[in-house]
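Structure first, commentary second.
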Amino acid sequence: MDQSHLAVRFAETARTHAGRPATRIKSGEGWRVQGYRELQAEVNGLAAHLVEQGIEAGDRVLLLSNNRPEWSIADFALLSIRAVPVPVYPTSTPEQVRHIAGNSGSVFGFVENDTLLERITPVWDELPALRGLWVFEPTASGDERVRSVGDVLAEQPSEDAVASVQQRLAEASGDDLASIIYTSGTTGEPRGAALTHRGFTYELDALDAFFDMTYEDSSLAFLPLSHALERAWTYKVLTMGCLNTYVADARTVAEALVEAKPTTFVSVPRLYEKVFLTVHERVAASPAKK
């Protein structure tokens, strides 16, 4: 299999580190943790159900959600059948969602919950190619085109669908389209950048020259996964066998850093600037502390 394909790399990592923790997210006072064996099983199961849903290689599929493990499960499931995830910022308006879905030609979609579902339903009639949506959380939609991912995964996929997933993965190439990532649209209509698997995996390999990471490291995913930076870094983490902790609200990152105790994470300059300014503001009144 082509190691320059992200889903191929992830499958190999999941086999090698099957007993290690892969994802976790805060749940009440504790953590909801999933190991690589369980993560890969959900990826494969969801991929088979997507095949049964008629998703073909090359089909564009929306991903509209805040950071959570299900984001990565859906992402890798789509990549495993050579479909093309199209991430959408959770802050997008219905009009921005309509533009991205229509411009990309998306035929299907994943949505986090009923709240974000409302970013699509007002414009769905303007998107004739969009056949259905699966929601990560239980949904009260009532629309027959909408299902919860939990209900989907509770069903057993057909043997033919399972075999089709493996066949598509065997045919995967680093030159396959891995994603279309749209700009935020702050300076006009969002524009999509088409990114290949080989482009991502080249980036992952290049990081090895700068960072000495091992499977014993852990990371914190708090920048939006709909952005290329956190997305690529999460690929690095989950193809290394590391633990990835998902932060749904970036405003809680300071608390999350203390609780999760990651050994590594990726961020943008603005975060470090805010930390710098906050520290200087706190010591400004004391010459000794300054």
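What the table shows:
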quantity: Single residue of the stretch 1-26 satisfying the filter (more than 19 Å from the chain's Cα centre (by Cα) and free of Cβ contacts under 8 Å to residues at least 60 places away in the same chain) that is least open to solvent (accessible area, probe 1.4 Å); calculated: Ala18
quantity: Residue that is of a type in the set (D, E, K, R), under 17 Å from Ser226 (Cβ atoms) and surrounded by fewer than 20 Cβ atoms within 10 Å (Cβ to Cβ), where the choices are Glu112, Glu155, Glu189; calculated: Glu189
quantity: Residue match in the stretch 28-48 (condition: in a strand (DSSP E or B), of a type outside the set (D, E, K, R) and open to solvent by 50 Å² or more (accessible area, probe 1.4 Å)); calculated: yes
quantity: Pick from the stretch 195-254, criterion polar (S, T, N, Q) and closer than 20 Å to Ser173 by Cα, ranking: surrounded by the fewest Cβ atoms within 10 Å (Cβ to Cβ); calculated: Thr196
quantity: Tally, over the stretch 98-121, of residues that are β-branched (Val, Ile, Thr) and either under 18 Å from Leu50 (Cα atoms) or within 18 Å of the chain's Cα centre (by Cα) (or both); calculated: 3
quantity: Residue, farthest from Arg68 (Cα to Cα), within the stretch 255-290, restricted to residues that are open to solvent by less than 40 Å² (accessible area, probe 1.4 Å) and not in a helix (DSSP H, G or I); calculated: Ser286
quantity: So Ile55, is it modelled with pLDDT of 95 or more and in contact with a strand residue (DSSP E or B) (Cβ under 8 Å, 6 or more places away or on another chain); calculated: yes
quantity: For Leu78: the one exception among (1) under 13 Å from Phe108 (Cα atoms); (2) touching a Pro at 6+ places or on another chain (Cβ under 6 Å); (3) surrounded by fewer than 23 Cβ atoms within 10 Å (Cβ to Cβ); calculated: (3)
quantity: Filter result (charged (D, E, K, R) and touching a residue at least 40 places away in the same chain (Cβ under 8 Å)) within the stretch 196-211; calculated: Arg198
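The values are calculated or read from the model by the stated rules, or taken from the named source; none is laboratory data. Quick caveat, the model's predicted, so the values are computed rather than measured. We place every Cβ from the backbone using ideal geometry, glycine too, and count neighbours over all the protein chains shown. These accessible areas exclude ligands, DNA and RNA; they are computed on the full protein's heavy atoms, side chains included. Shrake-Rupley method; radii C 1.70, N 1.55, O 1.52, S 1.80 Å.
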